[in-house]
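The values are calculated or read from the model by the stated rules, or taken from the named source; none is laboratory data. Predicted model only: the values in this text are computed from it and were never measured. As a convention, Cβ positions derive from the backbone with ideal geometry for all residues, glycine included, and neighbour counts pool all protein chains shown. The area values use the complete protein model at the heavy-atom level, side chains included, leaving out ligands, DNA and RNA. Shrake-Rupley method; radii C 1.70, N 1.55, O 1.52, S 1.80 Å.
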Amino acid sequence: MTSTLERPAPVRPAPPAPPERRPVPRWVRALGVLGVWIVVWAFTKGQDTLSLPGREHTDLHDSLTGFRDTVLASRDTNPLIQLTYNLGDWFTSVVGWAQRMVSIPDYPRPVPQLGWLGVTALASWVGLALGGWRIAVLVAASFLSFGAFGYWSEALDLLIVTFVAVAASVLIGLPLAVLYGTGGRTVRVVITGVLDAMQTMPTFVYLLPIVLFFGIGAAGAVVCTLVYALPPIIRIAGHGIRSVSGTTIEATDSVGQTRWQRLTKVQLPMARATIVVGLNQTIMAALSMATIASYVDGPGLGQPVLSALTRLDVGGAFVPGMLIVVMAVMLDRTTTAASERPEKLARAGADPRLRRIVLAVAAVGVCVAVWVSRYFPSAAKFPELTWGRTVADAVDRFFTWFLDTFGGATQAFKDAISTALLNPLQALLGESPWWLAGAAILALAAVFGGWRALLPTVLCLAGIRFLDLWHDTMLTLTMTLVGTLMVVALALVLGVWMARSHRVDVALRPLLDAGQTIPPFVYLIPVLALFGTSRFTAIVAGVVYAAPVAVKLVADGVKAVSPTTLEASRSTGATTWQEITKVQLPMARGSLVLAANQGLLYVLAMVVIGGLVGAQALGYDVVLGFSRSEEWGKGAAAGLSIVLLGIMIDRIARASAREV
């Protein structure tokens, strides 16, 4: 038996792995799409733009107007219309009763049932009970300012519409929040989708359909405010309920409690602070929308602002606009203090009996003030003062001086932005054939958001094409993109500055917090004074409106970069510029994308409102739909186009954030 041993094969070194191919950066692909778009545009511009000038309609717009006429004609026979109009009548009755109580004469009484002294005392007592003496002083000063500047009735009307809508929002929203917080995944996905759609819509879009089914005046104002204010309390309160510790729930379940006991004795009490935060956001959203509801004849401070804006009376718009800001600050601080007060009292070990005694003594004073205000004319009707007119004249003089002195600079800034950004982008979007612009937008959506952005973009563009307002939509998109670029630039400068300097953060953050409480309507006033009626006014107002949230997002994102990472970069000798551009901004990329997303939606909302001050495009179409019945169909199509544009922008931005 023989055996042979084979010589082992020599071991050869493995061939080198092929070099890994790096993907082409998204900005390079986007520039490629843009380059192809510009080349094709150069040969096809002005063709198939689907421009619909002036008051021209399409068959679809006429059909929508016919639908409106049919709905109005069926008010006496259609059960759904009867239901909505009856509901609207009920809201009108509630608001009317409250107005007769505090803001307008209750005939044959020449004054309301409660005069200004009683109302101010009562509101201050509520502020004392909810937030302490500082809040009581703030509330009293706010109410006195309403009367001193000559807008007592309008201010109380705005508060009435806001609180009626908030009460209805709480009644509807809290059960939905409980369902959102305790339901399964399917329930959460469905509710989240609906809330996303509601919060993506610009405020202006709510008005036309609600007016059709509920009418104008107080009814339409309350319902559109209710719809706009509903999502925050559902989302935030539901999040608070869902965030209650599972260990706590298991421990309390072990003693045999029922689901109702778990909800009422564990989940709702432990989520109380978050629910109050949701209530705060609901109140602020309601105040914002109740102001805009002046477009549909809603009572309140929005009406003098709107009236003055249409007359280009900056001083006349400034005073009621300033009072809206005062009201927003008062409501924000009161609800914030109410959410923090129980914890502060518990930490301080305050005696609850002393607090009850103080409230009881103060209540006696309130009762006296209410009695006096019912029987003494001087305490029932606020004395007529000239503060409002004095301030309005001073504001007019200031803006006249400012424009005489710096008008050249503001005009140069406006011309520079228009020449460098606005006009070229408008030419590209507005003068491209619709199929070219649509294809380019789809390609950019695929580049930035991948397949997640592609499908919603296809559906939204198809809807916009169907609604026959393609050209106006492209003009609105142009203004939105230019405004967003300005917002992102501002957010980068101020956000990085805040993140790198504690002093700057301390100085700017209160201003940004205050800016987020101001209703969008108010931003139009100073910008209108500086730039007059034009599309640029709406863009700048949108930048001012969107800047606070974008700046804070960038600042928080940059500030969250690890100090260890920064120390490592400094140890390599990196300069400040290199540290910002090579370390902080790349690592805060997610916050930057989120800031751009929020900037897009905020600017879109303001650009649409700017239709009142010369922004043209979809905002003007909606305003025209309000003011002329024969234009209702075109206004409704514009509203739907705005919704689709907002959803498309939001989905592309969200998908882009996931790809980062």
Selection from the stretch 177-194 of residues open to solvent by 70 Å² or more (accessible area, probe 1.4 Å) and farther than 17 Å from Thr264 by Cβ yields Arg185, Thr186, Arg188, Val189, Val190, Val194
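Looking only at the stretch 41-83, count how many residues are in a helix (DSSP H, G or I) and exposed (fewer than 12 other Cβ atoms within 10 Å of the Cβ).
Narrowing the stretch 41-83 to residues in a helix (DSSP H, G or I): 41-44, 59-73, 79-83.
Narrowing further to those that are exposed (fewer than 12 other Cβ atoms within 10 Å of the Cβ): 42-43, 59, 70, 73, 79-80, 83.
The total comes to 8.
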Only residues that are open to solvent by 50 Å² or more (accessible area, probe 1.4 Å) and under 24 Å from Ala141 (Cα atoms): list them for the stretch 304-335, please. Phe318, Met322, Arg333
Please state which one of Ala514, Ala489, Ala507 is open to solvent by 20 Å² or more (accessible area, probe 1.4 Å), among the small types (Gly, Ala, Ser) and closer than 17 Å to Gln598 by Cβ. Ala489
Odd one out for Leu287, checked against (1) open to solvent by less than 10 Å² (accessible area, probe 1.4 Å); (2) modelled with pLDDT under 85; (3) of a type outside the set (Asp, Glu): (2)
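Just checking, which of Gly557, Gly599, Gly611 is within 27 Å of Thr49 (Cα to Cα) and assigned to a helix (DSSP H, G or I)?
On the way: Gly557 fails: within 27 Å of Thr49 (Cα to Cα); Gly599 fails: within 27 Å of Thr49 (Cα to Cα).
Exactly one of Gly557, Gly599, Gly611 is within 27 Å of Thr49 (Cα to Cα) and assigned to a helix (DSSP H, G or I), namely Gly611.
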How many residues of the stretch 271-284 are open to solvent by less than 30 Å² (accessible area, probe 1.4 Å) and either free of Cβ contacts under 8 Å to residues at least 60 places away in the same chain or not in a helix (DSSP H, G or I) (or both)? The answer is 2
Which residue pairs have Cβ atoms closer than 8 Å, lie 6 or more positions apart in sequence or on different chains, and pair a first residue in the stretch 243-261 that is without any contact (Cβ under 8 Å) to a residue 24 or more places away in the chain with a second residue that is in a helix (DSSP H, G or I) and open to solvent by less than 60 Å² (accessible area, probe 1.4 Å)? Thr248/Val266; Ile249/Val266; Ile249/Gln267; Thr252/Val266; Gln257/Val266
Quick check on the stretch 471-529: of everything there that is closer than 16 Å to Val554 by Cβ and among the basic types (Lys, Arg), which residue is nearest to the chain's Cα centre (by Cα)? Arg509
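Among the residues of the stretch 18-40, which ones are of a type in the set (Lys, Arg) and open to solvent by 100 Å² or more (accessible area, probe 1.4 Å)?
Restricting attention to the stretch 18-40, the residues satisfying the condition of being of a type in the set (Lys, Arg) are 21-22, 26, 29.
The answer is Arg21, Arg22, Arg29.
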What do you reckon, is Thr92 of a type in the set (S, T, N, Q) and open to solvent by less than 20 Å² (accessible area, probe 1.4 Å)? no
Which residues, counting only those in the stretch 535-579, are more than 30 Å from Ile609 (Cβ to Cβ), of a type in the set (Lys, Arg) and in contact (Cβ under 8 Å) with a residue 40 or more places away in the chain? Lys559
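Checking the conditions here, which among Val223, Val178, Val161, Val187 is touching a residue at least 12 places away in the same chain (Cβ under 8 Å) and more than 19 Å from the chain's Cα centre (by Cα)?
Val178
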Collect the residues in the stretch 84-105 that are under 17 Å from Gly115 (Cβ atoms), in contact (Cβ under 8 Å) with a residue 12 or more places away in the chain and either part of a helix (DSSP H, G or I) or not hydrophobic (A, V, I, L, M, F, W, C) (or both), keeping them in residue-number order. Ala98, Gln99, Arg100, Met101, Val102, Ser103
